[in-house]
Structure formats: C-alpha cells, structure tokens
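Working notes for the structure below.
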Amino acid sequence: MKHLLIVFLLIGCASYKGKVPYKTQTDVYYTDAHDLRQSAEAYIPEDGENLPGIVMVHGGGWDSRDYGDNRSIGESLASHGYTVLNINYRFPPKHLHPAPIEDLELAIEYFKKNAKHFRLNPDKIGLWGYSAGGHITSLYALQKIGTPKAVQAVVSGGAPYDLTWYPFSPLIGPYIGGFRDQKLQEYFDASPSYNVKAGAPPFFLYHAKNDKLVEYAQSTSFEAKLKLHGNFVKRHKVPFWGHAFAFAVYDYAVEKGIRFLDVHLKDQKK
C-alpha cells in the first residue's frame, strides 16, 4: 500500500479510453476548511446531463500519496461518460480511523449537493479505490447498507479487507492507533469483512496473484463473505503482477471495472 512504485504511479495510464470529451476541474474543496487533505479534482464530461458519478479514493497506506495517483483512471472514466470526483483524505497520526471514511462521506454529500454543476445523477453513484483506497471505499459502502441510494456499485483493487490478519502492521497500527491486540475491537470494526451483510451494492474486486504486500487471499476471502450473505460480486485475478504494478500498468482491470460499472450504473448489459 505505502510503497507503490512512485515512478510507475506517475507515468502509468489507463489506456481504455472512450470518445466522450471532458473537462478537468482542479482545486475542488469538499468541506469549508479548504484543507488540501479534503480537496479533489473533478473530471466532468462535456456531453449529457444526469450522468452516473464515481468517487475515487487513492491508496498509500492511509498516510501518504494523493489523488494524482488516480488521475489517469478518472480521466478514463470521464471519457466513458462518468462524472468523477477524485479525492484526498486526512492522514494519521493527527487523524485516525475513521477520518478517511468520514471524508469520503463528506465528499459524496458535496458531490450530490452540487449535482447540477457536476452533471451528476445523485442516485447513480459508484466508488473506486485501490489498496488503502479500496479498504476505505469498501468499508464505507458496507456501513451504508440500508441507506437508500447511498452507493450503487464499488470497484476495489488490492485492498486489505480483514485487518486482523496483520497484528503488527507498521501501516495499520498508526492508522487505527495501536496494534491489533491492543485495539482488537477497532480492528474488527474497521475491517470490511466484518461489516458484510445482505443488501450490499455490487462489488468488482481485482487483485494481483503475486501481491506480497496485501495477499491475494484477502480478496478471495472477502468475496466468499459477500456471497455468503447473498450479495453480487465479481472477482478478477491479475495474473502475474504484484501490488504496485497491478495498479500502475495493468490496464485490463480498468477496462473490466468500467464495463462492470456500465452494467450497474448505466444498465448496459454485456
């Protein structure tokens, strides 16, 4: 999560581009604080109104990186007719869990409140995140089960869904505020796997087979728990890349993720 290869993150680009023209809006603040950690970029298609929207959350071990990592995927989404809000969120140690979850909620509320500006259909919102961003988006979506029209689809890649697997993680510990056995209930509460119940939005999971930072088994286990409760989930195994490369250079996952969103946010059967 934290040690994504910076060079590839900066130059990696999603090649699954559509034909819809879009504009980029920078310096978007989704709270009144005008804090860079609560800022975003938006990619707004120039054609159409009442468009499905995607809120994107970057990775980085919950304590580094920014929305620039997601820029190429956000632009690809916009080129396929999605209006996109690509956000930053607050970091530990000043802001512990659940600060990123709260920030995601604030960003979604801002997105909906300004739906006309963003050409957004506020009843058609999906989430996209990788690594820590996948954890944040997945946990938020599951915690909002039962809230009408909160989130309609989730794309999550390379994420840790069960934090209890890592008793002494140098990334999770600072994020939660202690190691697992010191904060056991908090680890359970912060794990998407332990928030699964019936009524979850559809999930598309992708994960590198050779991921050494977040084991591939995290996704297969999470998939099983979603299915156990009768939820719809699709999983794509990235065949040979590891954690960083699966995000930075594996464009096929982006294509499959967008096609998944087309089905669940645009009702395009494929």
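May I ask you to verify whether Ala150 is modelled with pLDDT under 95, touching a Lys or Arg at 6+ places or on another chain (Cβ under 9 Å) and surrounded by fewer than 21 Cβ atoms within 10 Å (Cβ to Cβ)? Yes; evaluated as a whole, the condition is true for this residue. When you look at Val214, is it modelled with pLDDT of 95 or more, crowded, with 22+ Cβ neighbours inside 10 Å, under 16 Å from the mean Cα position of the chain (by Cα) and within 21 Å of Thr164 (Cβ to Cβ), yes or no? It is true that Val214 is modelled with pLDDT of 95 or more, crowded, with 22+ Cβ neighbours inside 10 Å, under 16 Å from the mean Cα position of the chain (by Cα) and within 21 Å of Thr164 (Cβ to Cβ).
Suppose the filter is free of Cβ contacts under 8 Å to residues at least 60 places away in the same chain, surrounded by 18 or more Cβ atoms within 10 Å (Cβ to Cβ), under 19 Å from Ile101 (Cβ atoms) and over 15 Å from the mean Cα position of the chain (by Cα); does Lys197 pass it? Answer is no for this residue. Those helices (runs of 4 or more DSSP H) of segment 59-135 in which 1 or more residues are within 13 Å of the chain's Cα centre (by Cα) and under 22 Å from Val20 (Cβ atoms) occupy 71-79. When Ser169, Ser219, Ser191 are screened for being of a type in the set (S, T, N, Q) and touching a strand residue (DSSP E or B) at 6+ places or on another chain (Cβ under 7 Å), only Ser219 passes. Within this structure, Tyr187 fails the test of being surrounded by 17 or more Cβ atoms within 10 Å (Cβ to Cβ), part of a helix (DSSP H, G or I), of a type outside the set (D, E, K, R) and touching a Pro at 6+ places or on another chain (Cβ under 8 Å).
Conditions tested, residue by residue: (1) under 30 Å from Ala78 (Cβ atoms); (2) in contact (Cβ under 8 Å) with a residue 40 or more places away in the chain.
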{"position": "Leu163", "(1), (2)": "no, no"}
{"position": "Leu171", "(1), (2)": "no, yes"}
{"position": "Ser193", "(1), (2)": "no, no"}
{"position": "Leu205", "(1), (2)": "yes, yes"}
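Residues of segment 174-184 that are of a type in the set (Lys, Arg) and either surrounded by fewer than 16 Cβ atoms within 10 Å (Cβ to Cβ) or more than 14 Å from Pro160 (Cβ to Cβ) (or both): Lys183 alone.
Apart from one condition, Lys227 fits all of (1) charged (D, E, K, R); (2) crowded, with 19+ Cβ neighbours inside 10 Å; (3) in a helix (DSSP H, G or I); the exception is (2).
In contact with a strand residue (DSSP E or B) (Cβ under 9 Å, 6 or more places away or on another chain), buried (at least 19 other Cβ atoms within 10 Å of the Cβ), within 22 Å of Glu41 (Cα to Cα) and of a type outside the set (Val, Ile, Thr): is that true of Gly158 in this structure? No; evaluated as a whole, the condition is false for this residue.
Reported count of residues in segment 137-147, each being touching a residue at least 40 places away in the same chain (Cβ under 8 Å) and either surrounded by fewer than 24 Cβ atoms within 10 Å (Cβ to Cβ) or hydrophobic (A, V, I, L, M, F, W, C) (or both), is 6.
Taking the condition of being surrounded by 24 or more Cβ atoms within 10 Å (Cβ to Cβ), among the polar types (S, T, N, Q) and farther than 14 Å from Glu41 by Cα, how many residues in segment 79-136 meet it? Number of matching residues: 1. Taken together, Leu171, Leu139, Leu163 contain a single residue that is out of contact with any helix residue (DSSP H, G or I) (no Cβ under 7 Å at 6 or more places or on another chain) and over 28 Å from Glu46 (Cα atoms), which is Leu171. Applying the criterion of being surrounded by 18 or more Cβ atoms within 10 Å (Cβ to Cβ) and not aromatic (Phe, Trp, Tyr) to the residues of segment 163-173, the residue that is nearest to Arg259 (Cα to Cα) is Leu163. Considering only residues in segment 22-53 that are in a loop (DSSP other than H, G, I, E, B), within 21 Å of the chain's Cα centre (by Cα) and not charged (D, E, K, R), the one that is farthest from His80 (Cα to Cα) turns out to be Thr31. Looking only at residues in segment 1-28 that are at pLDDT 95 or above and either β-branched (Val, Ile, Thr) or under 30 Å from Leu163 (Cα atoms) (or both), the one that is surrounded by the most Cβ atoms within 10 Å (Cβ to Cβ) is Val28.
The values are calculated or read from the model by the stated rules, or taken from the named source; none is laboratory data. Owing to the predicted nature of the structure, the values given are computational and were not obtained by experimental measurement. So basically every Cβ, Gly included, is an ideal-geometry build from the backbone, and we count neighbours across all protein chains shown.
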